[in-house]
Amino acid sequence: MIVRESEIGAFLRARRAAVRPEQVGLPVFGRRRVPGLRREELAQLAGVSPDYYIRLEQGRSRNVSDAVLDSVARVLGLDRVERQHLFNLARPRPAECALRGVRPGVQLLLDLMETVPAFVLGRRMDVLAFNALGDAVNGFSAWPLERRNIARQAFLDPAARTLYPQWEAVAADTVAFLHLDAGRHPGDPLLAAMIGELSIASPDFARLWAAQRVREKTSGTKVIRHPLVGEMEFGYETLALPGEADQTLVTYTAPVGSSTHELLRLLASWAAPAHPEPHAEQPADQAKPDL
């Protein structure tokens with residue numbers, strides 16, 4: 001039985017192509033037909049037979065050991081995230097589809113974060129929930145509900161390239177995170193359909209997907225050019241929600257006194273719900289009658 005041949009094979013071939021023979025101490029003679037390491041060379045350096053490595057790259061080594069995967073990761077120079085991705089691809093879990101939605105307590109937490117733009121991402125980078133300021137910054141409520149997804153917005157919405165001045169970096173991070181999701185949840189039909197849709201609709205997505213980069217989005221910076229208040233630069237933090245393995249809370253922050261902080265205060269004043277006007281007092285001549 002072949003297990004996910006295209007995914008693990010594409011990942012290993014891309015990583016092999018990125019390693020030059022001289023980087024791992026191999027001599028280079030004449031012209032090479034393929035970039036990077038040959039399968040036989042990688043197998044030799046990892047201490048396994050060429051046939052065994054070929055079966056691994058084809059997804060036919062279901063019981064591959066930790067030692068072999070560690071050796072392959074070492075030769076390819078994989079970092080911690082890429083190594084875990086290799087393990088996920090080599091040992092796929094049963095396919096499953098997560099339901100949309102967050103716990104009521106999570107939505108309440110978002111709503112109480114009145115001065116911090118915040119939202120919750122689920123599987124496939126679906127936007128599951130957000131607070132008023134998160135909506136004011138990102139415009140989530142304007143996205144069609146059935147397509148409220150970070151990846152779809154980045155590659156299918158023409159306004160995304162204006163919204164994100166550093167669009168290429170945002171796009172690369174988005175695709176790298178989707179690769180991680182694909183490795184953690186093999187055989188997800190909804191993810192496969194979305195990847196197919198984006199690959200057809202966006203040459204940029206197809207190019208970045210073929211590069212086979214994987215990356216976590218735990219923290220960093222993001223620049224947003226807001227249509228009403230202009231350019232804002234945020235730090236972001238991504239926090240796993242306890243009890244929800246596939247849901248993460250994303251928050252945007254800006255130092256007090258910075259231009260972005262002042263623009264956030266302005267957006268917060270616009271996004272604040274309107275308070276009902278107090279009841280007018282009755283005129284003295286319209287006092288309630290005695291009961």
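Given a Förster distance of 41 Å, report the FRET efficiency between Ser49 and Thr162 from their Cβ-Cβ distance, rounded to the nearest 0.05.
0.15
Carbon and sulfur together cover what percent of the accessible area of the stretch 10-77 at a 1.4 Å probe radius?
47
Give the calculated FRET efficiency between Ala201 and Ala245 to the nearest 0.05, with a Förster radius of 30 Å applied to their Cβ-Cβ distance.
FRET efficiency, Ala201 to Ala245: 0.50.
Between [x] 103, 41, 33; [y] 53, 45, 38; [z] 79, 46, 33, which entry matches Cα extents along the principal axes in Å as derived from the coordinates of this structure?
Read-out from the structure maps to [x].
With a bin width of 10 angstrom, please list the P(r) values of the stretch 29-70 as percents of all Cα-Cα pairs, from the 0 bin to the one holding the largest distance.
Whole-percent P(r) values from 0 Å outward: 27, 51, 18, 4.
Eigenvalues of the Cα gyration tensor times 5, then square-rooted: what semi-axes does that give for the stretch 206-253, in whole angstrom, largest first?
23, 20, 9
With an 8 Å Cα cut-off and a minimum separation of 6 or more residues, compute the relative contact order for the chain in percent.
With pairs under 8 Å counted, the relative contact order is 17 percent.
Rounded to the nearest 20 Debye, what is the dipole magnitude of the chain about its Cα centre when Lys and Arg each give +1 and Asp and Glu each give -1 at the C-beta?
It comes to approximately 1920 debye.
Which one of Ser202, Val137, Leu112 is farthest out on the positive end of the charge dipole of the chain, using unit charges on Cβ (Lys, Arg +1; Asp, Glu -1) and the Cα centre as origin?
Most positive-ward Cα: Ser202.
Go ahead and run the numbers for FRET between Glu237 and Glu40, Cβ-Cβ distance against an R0 of 45 Å, rounding to 0.05.
After rounding to 0.05, the efficiency reads 0.50.
Each label point is 7 Å from the Cα along the Cα-to-Cβ direction; what then is the distance between the points at Arg103 and Asp66, in nm?
3.1
From the Cα trace of the stretch 58-197, what convex hull volume per residue do you get, rounded to a whole Å³?
That works out to 153 Å³ per residue.
The values are calculated or read from the model by the stated rules, or taken from the named source; none is laboratory data. Note that this is a predicted model, so its numbers are computed, not measured. Glycine gets a Cβ as well: all are built from the backbone with ideal geometry, and neighbour counts include every protein chain shown. Surface accessibility is based on the protein's heavy atoms, side chains included, excluding ligands, DNA and RNA. Shrake-Rupley method; radii C 1.70, N 1.55, O 1.52, S 1.80 Å.
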